[in-house]
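Notes to accompany the following structure.
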Amino acid sequence: MAKRPPRWYFSFRSPYSWLAHRDLTERYPDVADRIEWRPFWEPDADLRDRLAAAGGRFPYSAMSREKHLYILQDLRRLTAERGLPVSWPVDRDANWEVAHLAYLVAEERGLGRQFIAGVYRARWDRGLNISEPATIAAVAEDIGADPDGLVDAAANPEVRERGLAALLDVCADGVFGVPYFANGFDKYWGLERLPGFIAAVRGTGASAKPAEVAPDDTPALVGVGDFSHAGGCG
């Protein structure tokens, strides 16, 4: 079996993914350049149906109100530690395809990482609604990209087909929340797992050698509570 490359799943929706992006690119640029960057988003009804028809099942579950309130507190701590201001966005008529499918177009043009940084700035620095094509057009202008093909990516059948393939990758890797990192078959979920992933990719950590095959037995978890934590916030 071919060795699977190290990869990380990001989402424009998640504040933890935004912070992971900053930490990854600012603290660990060597690893950022070595790994695959893959998008994660909650699909609309059409893509969800097509995903199911293709044998996939989107593994993300919506969080509770209590977890949402905790995340608001946690993000205040994390951004304060990093000296970062944050503008809380208001998601009006959220359509996550608008930004995430536009990323696929930007990536094809060799501007994927610039686009990611631009969308994160728009959403978390300026509090803009990234479900609005006008916001994507502004991001394109900021990074010197032609907005054509980006602002209407969510309506492009060819791009939506690529989006389906990306969602099948999400299913194959069992991505139930972001940020989510994988090295071979070894998985790391949450912002606080980033250093361990970095060590594994660099070959300096205890788990530096990735598993070559998927684990074939999972221990039974009987009477165990919820393992959710803020790092897996979508």
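The values are calculated or read from the model by the stated rules, or taken from the named source; none is laboratory data. It should be emphasised that the depicted structure is a prediction, and the values quoted were computed from it without experimental measurement. Virtual Cβ from ideal backbone geometry, glycine too; neighbours counted across all protein chains shown.
Just a few scattered comments:
- Of all residues in region 117-157, exactly one satisfies the criterion of being of a type in the set (A, V, I, L, M), farther than 18 Å from Leu104 by Cβ and touching a helix residue (DSSP H, G or I) at 6+ places or on another chain (Cβ under 6 Å), namely Leu128.
- Qualifying residue in region 169-177 (condition: touching a residue at least 40 places away in the same chain (Cβ under 8 Å), of a type in the set (Val, Ile, Thr) and closer than 29 Å to Ile198 by Cβ): yes
- Conditions (1) in a loop (DSSP other than H, G, I, E, B); (2) modelled with pLDDT of 95 or more; number of the one not met by Pro5: (2)
- The residues of region 146-168 that are farther than 24 Å from Arg7 by Cβ, free of Cβ contacts under 8 Å to residues at least 40 places away in the same chain and among the aliphatic types (A, V, I, L, M) amount to a single one, Ala155.
- Residue list for region 136-157, restricted to those being closer than 19 Å to Glu42 by Cα and surrounded by fewer than 20 Cβ atoms within 10 Å (Cβ to Cβ): Asp152, Ala155, Asn156, Pro157
- Summed over region 33-55, the residues that are part of a helix (DSSP H, G or I), touching a residue at least 60 places away in the same chain (Cβ under 8 Å) and of a type outside the set (Asp, Glu) give a count of 3.
- Within the set Phe58, Phe12, the sole residue that is part of a loop (DSSP other than H, G, I, E, B), of a type outside the set (Lys, Arg) and at pLDDT 95 or above turns out to be Phe12.
- Conditions (1) crowded, with 20+ Cβ neighbours inside 10 Å; (2) farther than 25 Å from Lys187 by Cβ; number of the one not met by Gly163: (2)
- Of the listed requirements (1) part of a helix (DSSP H, G or I); (2) of a type in the set (Gly, Ala, Ser); (3) at pLDDT below 95, Gly196 misses just one: (3).
- Residue match in region 121-138 (condition: modelled with pLDDT of 95 or more, farther than 21 Å from Arg22 by Cα, within 17 Å of the chain's Cα centre (by Cα) and among the acidic types (Asp, Glu)): no
- Flag for Gly231 being closer than 18 Å to Leu24 by Cβ, modelled with pLDDT under 95 and in contact with an Asp or Glu (Cβ under 6 Å, 6 or more places away or on another chain): yes
- When residues in region 112-130 are screened for being assigned to a loop (DSSP other than H, G, I, E, B) and either touching an Asp or Glu at 6+ places or on another chain (Cβ under 6 Å) or in contact (Cβ under 8 Å) with a residue 60 or more places away in the chain (or both), 1 of them pass.
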